[in-house]
Amino acid sequence: EPPRNITQNKILFPSDSKYITEADLSGLSKYDVDLIRNEIFARKGYVFTNKTFKNYFESQSWYTPNPAANYNMKLNEYEQYNANFILEYQVAQGWK
């Protein structure tokens, strides 16, 4: 299966309404998996200090940085599960 194309100005994965599976992440690069995980927080307005994520998400039309989100971020059941699942996947891949 060819690698998926990560496109500009689109949500990478509906991680707020669907559980991510290993099949969803299989074949993706470390960078793409990093983006999918961090997108969960970006959609809440998380302000990134990591230059790579900051530059990527600031280039997305849907991203609105909100400094208050860093302290009051509430994740729904899907988002919490997916953030943890992706982190576990990254560890299993030796990426974290």
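The values are calculated or read from the model by the stated rules, or taken from the named source; none is laboratory data. Predicted model, so just to flag it, every value in this text is computed and none were measured. Every residue, glycine as well, gets a Cβ built from its backbone with ideal geometry; the counts of neighbours run over all protein chains shown. For the accessible areas, the whole protein counts, side chains as well, though only heavy atoms, and no ligand, DNA or RNA atoms are used. Shrake-Rupley method; radii C 1.70, N 1.55, O 1.52, S 1.80 Å.
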Any chance you could look up the accessible area of Ser59 with a 1.4 Å probe, heavy atoms only, rounded to 10 Å²? 60
Using the Cα centre of the chain as the reference point, and only Cβ charges (+1 on K/R, -1 on D/E), how large is the resulting charge dipole? Debye, rounded to the nearest 20. 320
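Calculate the translational D of the chain in whole µm² s⁻¹ from Stokes-Einstein, where the hydrodynamic radius comes from the Kirkwood formula applied to all Cα pairs, the temperature is 4 °C and the viscosity 1.567 mPa s.
94
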Reach of Lys74 by Cα under 16 Å, taken over lysines that are not fewer than 8 positions away in the same chain: Lys44
Can you sort Leu12, Leu87 by 1.4 Å-probe accessible area, starting with the largest? Leu87, Leu12
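Quick one: accessible area per residue over the chain, 1.4 Å probe, rounded to a whole number of Å²? Could the numbers behind the result be given before it?
On the way: 5890 Å² over 96 residues.
Here the per-residue accessible area is 61 Å².
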What distance in nm lies between label points placed 7 Å from Cα along the C-beta direction at Lys96 and Ser29? 2.0
Rounded percent of accessible protein surface that carbon and sulfur make up, the chain, 1.4 Å probe: 51
Between the helical axis of 77-92 and the dominant principal axis of the chain, each derived from Cα atoms, what acute angle in degrees is found, rounded to the nearest 10? 50
